[in-house]
Amino acid sequence: MSLSTLLSVRAHERGRAQRSALCCHRLLRPDPFLVCLFGLGAEPFSAAAIGWGRDERRLEVAVAGDPRERRLLFPALEELAEDFLPYFEGPFESVEEVTGPQGGNRHLEVNELPQILVPNRETLLLLGLIGRRVRYLPTDGPTPASEELIRLGAHLDFLRRHAALPGQQLVVIASDLVADHWQTSLNEWEALSLPALDAFVEPPAGVHGHDASAEADREPLGPRPDAEQDKAAAPLIKALNEGRAKSVERDVVEPLLAPLERHYRPKLERAAEISWRSLRREAGYPSARHAARREQEDREAYAWHMNMVSEGLRRRSRLTQAQAIRRVGDLERAGQRVVAQEAVDDPLRMVEVLLSEQAVLGTVTSVDPTHKVGRKSRPLVEVSLGRPTMLEQGETVHWDRLPDKDWEVAAVHPDAIELVLLNPRAKPLPEVDSIACFTTLSVEDEHFLGTPSRTPPWTHVGSSEPEQPSSIEEAEAA
Amino acid sequence: MTPPAQRQGAAAPTVARLAGFANHGHCPTASLAFVEGYDLDRVLQGTVYGDPFGQSQFMFERGRMFERLVKQDAGDGHCRYGPLLELLRDRLGFDTPEARIVNLRQELGSDMEARARRTRLLLHEMAEGREGFANIIDGAVLQATVAGHPANYETDGLAFRLGGSLRVIEVKSFAVVDGKADPTALAAALDQGALYIHLVQLALEAEGLDPGLVSEDLVLITPRNVGLSPTLHEHGVTARIERIRRLLEAVPNATPGPSNGSGTARFAAVTRGHGRNAEQRIDAALSICDDIGNAYGPACQGCGLYRLCRDRAFRLGSPELAGERVARELVGVASLDRAAELARGDLPTPMEAPAAAALRRTADLHEEALTRGLP
């Protein structure tokens, strides 16, 4: 049994989503940069309309006209770049080179970080594909791309990749944010929809969350439109194409864009409104202890990326086998660390860990701060569990109140456990009669030691020559 | 029996419908609709449960444009197949200087019977490697009896002979970037290709030829990157063919359905017409689900009855409503409402006991977590 199942049962019974966290496990900035999109059919590298802004009362909108024509699409992207680049690149102006603790590696650090808000994962994927499309465009030749467009592409591509890192906070995906903090009786697939989730969390008075979410989910939020939405857009695009008579000049095209903007603006505004509402709702909860600590990785990744872009270096578009293996390992370790951090930060998150027998919870029955093992000081606590545990003698565990300190299981009794503290100076100690929780999950980074052999197996050998990323734009389209 | 295509609300069988059904073959209601030739995407149109039907015209246009490009179709029905032959030569070693390509759409138009006969003949020649056999068939029509209905299946793809085997090609317009494609679109294309291969195998078998002549490696042609330049990939689809074969074998033949009258009459009552209002049509659909059962779950999202079955699962409090994990963890418990009672401490039946104990413990830990509060 999982807590999520119990909460799904209660969400169904009570007609509202149930909170699955006591705090907010993401560090949310007060004014992130929101981007939402609407595409055309399943066109994979373009956006028919883009909405953005940092003020929930005002949404900037750019429509491409006919996004299949790159000379119409790129100006719309450049409009986005005009606001996006100063916001995203601003924090890098204060970059400093710092030395790691104990004279460790020198690396770049920034004081501030940008934060990008998108309604759902599909939006981020489409932004990433658009980024992949434009970041390597040639800046010379017959149809040179602007520097701004290329930088926008590089940043979007980076954000799409970085968002795969569990616990990252450079990108906030509103649907994930809601689904991570609330449990509904929607199934796994339905819970990907931001309108459905939002309606289940706050259904209208007297309406069950199930019915509210079904109603809210009727109209797609983007970026992929349904057949009806495209059917309405088709005659507008046709009229624009007839009106511009193949011209791509701004003074010809711009006056023709108004009907398309009228078509897309309300759709984008709906996406923006639900995204902002979701963000504000979660920001009303206290921030989890470790959310701020996780920012460090975002800082390093952001500074590294910005440095690459500012020096004109190209990032590989495909990983070598060795890189892919390391990447998967990094993501898995980050995922485990986030689970541990969220569990020690939040008793509701700890429930799943307790249910999987990776933690114990009980009443502290005795504390001996002077206890010694041999000549070493090893404070001892005894915890009454009221039930057997699967922990074994010698296992290392962590107290959720001081999770970076190590305890060792000294003895296991039928319904109690004795623990000794391995960092004797750590304070405070649990108090007698208090409820204490200890888990085997570690909030610390587990270092990847790499392959032990001098001659690594073929799976871990990188290609000798790094593959140079190239433009994916067709020559004939240029 | 009235042929499906002539019935109100019924739809002619297509490869796409057949491939779509493969995802819902475990559902008795979907199976009955399939057997009776009713298109579930359409039967509830005009009611609150009818979803916007069809594909975005831009998506459709992109597909058509790419197919025309691959086949070098000038728009006058004459295809030269230059890009296709180049890909087959460069990637698969199909090096036939004077490839004989038979375009059945162009030759025989919409006469499906004639195209089916010609397809059989051409496949026969190809399989036997007779002199002058067609190298590529475009617009083949395969006849197969599925669920007791003999039907013509018009294929999107092409078949060609390379060395000792017949190969099947699917042309799809989703892009491959940096060697990666959208996994959902790719899975659907592979399912459709696997079904096509299976139909060719059946056709060969019916002709007394060896079905093993058909390669189970599908040739997939998709655009590479942003533009529409075609690229070719091969994918083994043996497991998918096997799944489709088992599924189609398990579908019962069209026979009078259970309880109140035949399945045909029952689905007819769901469709528009004869003064039926939306409420009556919904009641008719629900009564089919009640009588023969359905199998609501996450895989139902692509089914035309999805919203109806979802609401039915809600009214019944079915654990499947909340997804696979919830259904798995509540085995033995009849409904979500009952699970709530058990979590509060209601006495369980022996069947409910394992889930009830787990629910109680989870509820206790939840309560304790709320009491403890944030550190």
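Three semi-axes describe the equivalent ellipsoid of chain A; taken as square roots of 5 times the Cα gyration tensor eigenvalues and ordered largest first, they are 48, 29, 18 Å.
Label-to-label distance, A:E444 versus B:E242, with points set 7 angstrom from Cα along the beta-carbon direction: 4.8 nm. Just how far, in whole angstrom, is region A:1-77 from region B:19-59 if you go by their alpha carbon centroids? Using only Cα atoms, the two centres lie 29 Å from each other. Length gained on full extension, B:H274 to B:E107, computed as 0.36 nm times the residue gap minus the Cα-Cα distance: 56.1 nm.
Here B:E234 and B:R80 are evaluated by their C-beta separation; at R0 = 30 Å the FRET efficiency comes out at 0.80.
What FRET efficiency comes out for B:A353 versus A:D415 if R0 is 35 angstrom and r is the Cβ-Cβ distance? Round to the nearest 0.05.
Working: r = 22 Å, r/R0 = 0.64.
After rounding to 0.05, the efficiency reads 0.95.
Taking every DSSP helix (H) stretch of at least 4 residues in the protein assembly as shown, weighting each as -39,500 (n - 2.57) and dividing the sum by the residue count yields a mean residue ellipticity at 222 nm of -13500 deg cm²/dmol. An ellipsoid equivalent to the protein assembly as shown, defined through the eigenvalues of its Cα gyration tensor, has semi-axes of 50, 37, 29 Å when rounded to whole angstrom and sorted largest first. Shape analysis of region B:42-137 yields a ratio of the Cα radius of gyration to the Kirkwood radius, Rg/Rh, of 1.12.
What's the ranking of A:291-302, B:161-172, B:195-206 by average number of surrounding C-beta atoms within 10 Å, highest first? The partial results should precede the final answer.
Values: A:291-302: 17.3, B:161-172: 19.3, B:195-206: 22.8.
The most tightly packed comes first, giving B:195-206, B:161-172, A:291-302.
Pairs of Lys residues in the protein assembly as shown are counted when their Cα atoms are under 24 angstrom apart and they lie 8 or more places apart or on different chains; the count is 13. In terms of its Cα atoms, region B:27-90 spans 48, 24, 21 Å along the principal axes, sorted from long to short. Distance between the 7 Å Cα→Cβ label points at A:L108 and A:L319: 2.2 nm. By the count of neighbouring beta-carbon atoms within 10 Å, fewest first, B:F267, A:F200, B:F60 end up ordered B:F60, B:F267, A:F200.
Modelled spin-label separation between A:E269 and A:D55, with each label point placed 7 Å from Cα along the Cα-to-Cβ direction: 1.5 nm.
Please compute the volume of the convex hull spanned by the alpha-carbon atoms of region B:328-375 and report it per residue in Å³.
Dividing the Cα hull volume of region B:328-375 by its residue count gives 76 Å³.
Work out which helices of chain B, taken as complete DSSP H runs, extend at least 20 Å along their axis over the Cα atoms and score a mean Kyte-Doolittle of 0.0 or more, then list them. Write down the numbers at each step before the final one.
Details: long enough: B:57-71 (21 Å, -0.54); B:112-128 (24 Å, -0.69); B:183-206 (34 Å, 0.95); B:278-292 (21 Å, 0.16); B:353-372 (28 Å, -0.31).
Sorted by number, the helices that extend far enough and score high enough are B:183-206, B:278-292.
Stokes-Einstein diffusion of region A:1-87 at 25 °C, 0.890 mPa s viscosity, Kirkwood radius from Cα pairs, rounded to a whole number: 151 µm²/s.
For B:173-182, what's the mean count of beta carbons from other chains sitting within 10 Å of each residue's beta carbon? Provide the component values of the computation, followed by the final result.
Numbers: counts 4, 2, 6, 0, 8, 8, 2, 1, 1, 4.
Taking the mean over all residues of the peptide, I get 4.
Based on alpha carbons, the Rg and Dmax found for chain B are 25.0, 84 Å. Note on region A:13-170: Cα convex hull, mean projected area over all directions, 13.8 nm².
Assuming R0 = 35 Å, what is the FRET efficiency of B:S165 and B:R117, from their Cβ-Cβ distance, to the nearest 0.05? Working shown, then result.
On the way: r = 24 Å, r/R0 = 0.68.
Once the sixth-power term is evaluated, E becomes 0.90.
No value in this document is a laboratory result; all are computed from the given coordinates. Fair warning: this is a prediction, and the values are worked out from it, not measured in the lab. Heads up, the Cβs are rebuilt from the backbone with ideal geometry, glycines too, and the neighbour counts pull from every protein chain shown.
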